[in-house]
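Here, each number is a calculation from the coordinates, and none is a lab measurement. In this text the structure is predicted, and so the values were computed from the model without any measurement. Quick reminder, even Gly has a Cβ in these numbers, built from the backbone with ideal geometry, and neighbours come from all protein chains shown.
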Amino acid sequence: MPTPTDAAVAHDPYAALRLPEFRRLIAARVLLTVASQIQGVVVGWQIYELTNNPLALGLIGLAEAIPSITVSLYAGHVADSVPRKRIIVPAVLVLFLCSLSLYLLAQPAGVALFAGRGALALPLYVLMLYVVLFVSGIARGFLGPAVFSFMPQLLPNRQLLANAVTWSSTSWQTAAVLGPAIGGLLFAKQGKGFAYGVDAALMLAALLLFVSIAGRALPAREGERLKLGESILSGVKFIFGNQIVLGALSLDLFAVLFGGAVALLPIFAKDILQTGPDGLGYLRAAPAVGSVLMAVWLTYSPLRRRAGRKLLWAVAGFGLATIAFALSKSFALSLFLLFLTGVFDSVSVIVRSTLIHTYTPEYMKGRVSAVNNIFIGSSNEIGAFESGAAAKLMGTVTSVVFGGVMTLVVVAVTAWKADKLRELETGTKEVSVAATSAL
């Protein structure tokens, strides 16, 4: 399939997808994400079923977030110091081994080994599940910056960047739609052991796809080579020196931290909406359905005017839909409200990702991505812990309403303080021009 020319890019919404290696990267990420989502549904239901404790659900997020945050800044430095494929392949291999471990723990022999008779048997078995998640968190901490900075290296020119970012987000959200639904159905129909087996098989397929992509040399570095400490902190300094990027990151950080109800969905599914694992899968998939549809819409109709204000309104809509979801007693209405959270969240994800790719030089994308991972990636897990702890203290419904209200407060403060983000006029058109001149 021919490589798109610069002239064709402006009129071709499928420009990035015409690149074979970019397609393989996207396919690998889809498989990886579907596997991770299956794992999230199954392990969440399994741990809640074993403990019947909302805090235990929050600890799932914490078990992944602590190692991810701990290694992120160093992982960003490594991603800018070592060819990125050399990081991606070992990290995905570790994720595959973690999925395989969950599969083995779900088998009768694994249950007998760690959950046999005795007062400490059940806590030990749950602890083993958390240990696997902890190890996977380390791998994800290294994988995120490497994949983020590797993707632009597969593009022949900067004109393709905005299109590639949009398709990357769309494919990720599509996988996030499929994963929870598949995970819930597999668990309900075939049991957790079979679902973990599918998870491991998909991880292996993703690993093989990543292996098939040719490696790339590191981009040329500007200036003198920094010492380790200076290199690690340079990504932090870069983001805090750019009000637009910092404002977009802050919106996502606090919206996910306070406004996310995903960690508590097993409680809503089982105790409030009276459904089973398959219903939980649909609830987990609903936000991603909304995100995919909005991402596809933005592919054909990118933000051209008042992108900053639309971003703020989108995050406010996310908070309002979260509050309404918490108060809903109808399964159908809850699905629709979660769908809306995905629609609003997609705007934020695409704008944020495009801004970071645009204003970050190639040679330091690993470090900036690492900070982004601390802001956003790990905020999902920390938000899960916050949701579990808040649900334990004030009740499930009240805690989610509180989170939605706090999201609205964050929007108001950001709109007041980040005037450059508020007045940001154009979306992908501006981004394409900026990318060409900045990188």
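Details
- Fewest-first sequence of V368, V147, V30, V409 by Cβ atoms within 10 Å of each Cβ: V409, V30, V147, V368
- Cβ-based exposure ranking for T70, T341, in which fewest neighbours within 10 Å come first: T70, T341
- Put in line by how crowded their Cβ is, counting other Cβ atoms within 10 Å and starting with the fewest, D278, D345 read D278, D345.
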